[in-house]
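What follows is a short report on a single structure.
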Amino acid sequence: MPDNLTIKILKSHLAYGKLAVGTEIGVSIDQTLTHDATGQMAMLQFEALGFPAVATKKSLIYTDHNILQVGFENADDHAFLASAAKRFGLYYSKTGNGICHQVNIERFGVPGQTLLGADSHTTTGGALAQLAIGAGGLDVAVAMGGRPFFFPMPQIVEINLTGSLPRWSTAKDVALEILRVLTVSGGRGKILEFTGEALSSLSVTDRATIANMSIETGAITAIFPSDENTLDFLTRQDRAQDYSELSADPGATYDERLTIDLSAIEPLAACPHSPDKVEKVSRLKSVVVDQVAIGSCTNSSYTDMLTVASILKGRKIAPSVSLIIAPGSRQILLELSKTQALADMVASGARIMEVACGFCNGVGQAPKTQGVSLRTSNRNFPGRSGTSSAALYLVSPQTAAVSALSGKLTDPREFGDPIEISWPERFEIDDSLIIAPDPPNSNGPIIRGPNIAPLPRFEAIAEKVSGEIMLVLSDNVTTDDIIPAGAHILALRANIPAISRYAFHHIDPTYHERQKAVGSGFIVAGANYGQGSSREHAALAPRYLGLTGVIAKSFARIHKANLCNFGILPLEFVDPGVKDELKKGDVLAIEGLTNKLVAGSLLTVLDKTTAKTFEVKLDVSPRQMEMLLSGGLLAMEAKKKDA
């Protein structure tokens, strides 16, 4: 029977289960990726699990998020990560080498391999025909130790690309069009596999942009075939030996099919405050722009940077605009410095930022109060920029650059002839900021500054749980809503007691104190709870404060797994309409919990405030059930060792 590309890779890596949609499978992992916003927890957890060294083909740590060193915390984190990498056998990419996803496709991605990253945008690796999936740090720690990664077998959706992009339309516009069609929840439980005649016109960096933003649909990942464009990219990276041709078999079947006609794509923008609130740029010409930010793992490639430089060449940005540009990697910055491009950017009035995530995750370059910021990044959630009142629009680098010149949101088709960019025959190869692992040193010291707090430990779930409803939330609550981004909060990623003070901070600044005071409680939410990033802190911090369970209409995949990993019950309404009857402050109770969980029955929840009952379900695998009963994955592993 002919197989699609996703099934081929899953078959070759299947370690547990059967490839039946909805059932839990475990796949072996070839590569892992963490960074300095998720790696601290992942390495502490790896150490706690007792692994002597990484057991993958390659595991990597990047320092690209917490690079704003205004205090000792970030520098301490980097020292901790560097020493842990040396101790356990990981590659370590130093500050200044670039954004993890950009560097990974340049220097490490291999077609046909599996990549698990403690970052939701690990999906970028799908541009190289990797099965690249984002997960919480604890899942990545387990994979580093050689264990399978578990997730529900997804539906495979064929995205058939036809036609060719018109002038000034870009891969970013394709990604936004997919979001317009699927929305931020339409990809849940699915992998997007790209096929079609239009693939030959999309470079690896085009594909990376599309794969990067696939996570915004809620999809597990996205994947492109490995073809002559892949070989061309890898050859220019001096990595032709990593190439293998991979694609779906002729006649391969899929669970769903969506056709996107590229010839119908025009410049698009995601309007505030959601990546799926997509509108044509031509209809947004009245939007006056205060800031333009070009970069991030979505659009910081060599092609993106050269195109922007060509648009800016010989021109000045509008007096009212602040233009910031952040190349995605040191390699790209070196290439820019060999041409006139860097000078053209600076001469236009642009400010060149460090090669890092920076503005995308709120580390610097926050807009002014109620400012309008055009960004080439992937998320425009409220407050993500560091300014809660700012309005963020997600656009292509071309739209961003021409808008920086005009001072308002401008359709790039008004600019003139499109810019054509050619890649260098060979990219500048300098891996001196990537510290390759020595043989793992079981006695090597791990440097722990005062910001590296011990891992919290949690008790097993009780037979009877009760607590008040701490918050009642709407649909599409993001992990940014639960644990905000921003430099001062990111600096606390290694310190759960400290970062827990910011749990739900933008929604209800009193949550931390209230939850800590009552010691247990529930969150009630709508659909797609926990969408967005992989940050396990959005589960860890509320659990540390005493959160017992979340009752929602549905959950985003990564966050649901993180809740299970740390012993928080991810409960779903049997009747979604009950959600509207529940009030903040109501006291809920569930009795006979352990026996009912083992039996797999529905759970009855008593609202003690109203004396009403309602039913919820716990849709988890037997493995996750064991985790919840133990108090989380770490507690479960410790119990097994003691047995």
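The values are calculated or read from the model by the stated rules, or taken from the named source; none is laboratory data. Model, not experiment: these values are computed from the prediction. Methodologically, a virtual Cβ is constructed for each residue, glycine included, from the backbone with ideal geometry; neighbour enumeration extends over all protein chains shown.
Here PRO267, PRO272 are screened, and the one residue that is within 26 Å of ALA366 (Cα to Cα) and in contact with a Lys or Arg (Cβ under 8 Å, 6 or more places away or on another chain) is PRO267. Among the residues making up the range 493-524, those that are surrounded by 20 or more Cβ atoms within 10 Å (Cβ to Cβ), in contact with a helix residue (DSSP H, G or I) (Cβ under 8 Å, 6 or more places away or on another chain) and more than 28 Å from ASP76 (Cβ to Cβ) are GLY521, ILE523, VAL524.
Considering only residues that are free of Cβ contacts under 8 Å to residues at least 40 places away in the same chain and farther than 14 Å from PRO152 by Cα, look in the range 549-562 and name the one that is surrounded by the fewest Cβ atoms within 10 Å (Cβ to Cβ). Per the criteria, the residue is VAL550.
Among residues of the range 13-33 that are outside the structural domain of ARG623 (by TED's automatic domain parsing), those with a Cβ under 8 angstrom from a residue that is in a loop (DSSP other than H, G, I, E, B) and aromatic (Phe, Trp, Tyr), sequence gap 6+ or separate chain, pair up as GLN31/PHE108. Number of residues in the range 412-424 that are surrounded by fewer than 24 Cβ atoms within 10 Å (Cβ to Cβ) and either closer than 25 Å to HIS101 by Cβ or under 29 Å from the mean Cα position of the chain (by Cα) (or both) equals 5. Limited to the range 619-633, what total is found for residues that are within 23 Å of the chain's Cα centre (by Cα) and either surrounded by fewer than 19 Cβ atoms within 10 Å (Cβ to Cβ) or closer than 17 Å to VAL140 by Cα (or both)? Total satisfying the criteria: 3. Criterion applied to PRO497, PRO509 was being free of Cβ contacts under 8 Å to residues at least 24 places away in the same chain, not polar (S, T, N, Q) and not assigned by TED's automatic domain parsing to the domain that holds GLY189, and the one residue passing it is PRO509.
Take GLU47 and tell me if it is surrounded by fewer than 21 Cβ atoms within 10 Å (Cβ to Cβ) and of a type outside the set (A, V, I, L, M). Answer is yes for this residue. Residues in the range 149-176 that are assigned to a strand (DSSP E or B) and polar (S, T, N, Q) were compared, and the one that is surrounded by the fewest Cβ atoms within 10 Å (Cβ to Cβ) is THR162. Suppose we filter LEU179, LEU128 for residues that are within 17 Å of ASP261 (Cβ to Cβ), crowded, with 21+ Cβ neighbours inside 10 Å and of a type outside the set (D, E, K, R); which single one remains? Within the list LEU179, LEU128, the selection yields LEU179. Picking from ALA84, ALA37, which residue would you name as being part of a loop (DSSP other than H, G, I, E, B) and in contact (Cβ under 8 Å) with a residue 24 or more places away in the chain? Going through ALA84, ALA37 in turn, just one is part of a loop (DSSP other than H, G, I, E, B) and in contact (Cβ under 8 Å) with a residue 24 or more places away in the chain: ALA37. For the range 322-339, the set of residues classified as buried (at least 24 other Cβ atoms within 10 Å of the Cβ) and part of a loop (DSSP other than H, G, I, E, B) consists of ALA326, PRO327, GLY328, listed by residue number. Considering the range 131-145, and only residues there that are closer than 18 Å to PHE88 by Cβ and in contact with a helix residue (DSSP H, G or I) (Cβ under 9 Å, 6 or more places away or on another chain), the residue that is surrounded by the fewest Cβ atoms within 10 Å (Cβ to Cβ) turns out to be GLY145.
Residues are listed down the side, and each one gets a yes or a no for (1) modelled with pLDDT of 95 or more; (2) under 14 Å from VAL472 (Cβ atoms):
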position	(1), (2)
VAL578	yes, yes
GLU581	yes, yes
LEU588	yes, yes
LYS608	yes, no
ALA611	yes, no
MET627	no, no
GLY631	no, no
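Return yes or no: is GLY546 surrounded by fewer than 21 Cβ atoms within 10 Å (Cβ to Cβ), at pLDDT 95 or above and at positive phi? Answer is yes for this residue. Could you tell me whether the range 91-100 includes any residue that is part of a strand (DSSP E or B), surrounded by 24 or more Cβ atoms within 10 Å (Cβ to Cβ), out of contact with any Cys (no Cβ under 9 Å at 6 or more places or on another chain) and in contact (Cβ under 8 Å) with a residue 40 or more places away in the chain? The answer is yes, given that some residue of the range 91-100 is part of a strand (DSSP E or B), surrounded by 24 or more Cβ atoms within 10 Å (Cβ to Cβ), out of contact with any Cys (no Cβ under 9 Å at 6 or more places or on another chain) and in contact (Cβ under 8 Å) with a residue 40 or more places away in the chain.
Only one of the numbered conditions (1) within 23 Å of VAL174 (Cβ to Cβ); (2) of a type outside the set (Val, Ile, Thr); (3) touching a helix residue (DSSP H, G or I) at 6+ places or on another chain (Cβ under 9 Å) is violated by ASN380, and that is (3).
Regarding ALA527, is this residue crowded, with 24+ Cβ neighbours inside 10 Å and at pLDDT 95 or above? For ALA527, the condition - crowded, with 24+ Cβ neighbours inside 10 Å and at pLDDT 95 or above - is not met. Between LEU394, LEU342, LEU374, the distinction of being crowded, with 18+ Cβ neighbours inside 10 Å and over 27 Å from the mean Cα position of the chain (by Cα) belongs to LEU342 only.
From the list SER286, SER296, SER274, SER300, the lone residue that is modelled with pLDDT under 95, over 19 Å from GLU420 (Cβ atoms) and polar (S, T, N, Q) is SER286. Among residues that are surrounded by 15 or more Cβ atoms within 10 Å (Cβ to Cβ), within 19 Å of THR298 (Cβ to Cβ) and out of contact with any Cys (no Cβ under 9 Å at 6 or more places or on another chain), THR387 is not included. When each of THR610, THR604 is tested for being of a type in the set (S, T, N, Q) and within 25 Å of ALA517 (Cα to Cα), the lone residue that passes is THR610. Counting only residues that are under 21 Å from THR399 (Cβ atoms), surrounded by 23 or more Cβ atoms within 10 Å (Cβ to Cβ) and at pLDDT 95 or above, the range 347-366 holds 1 of them.
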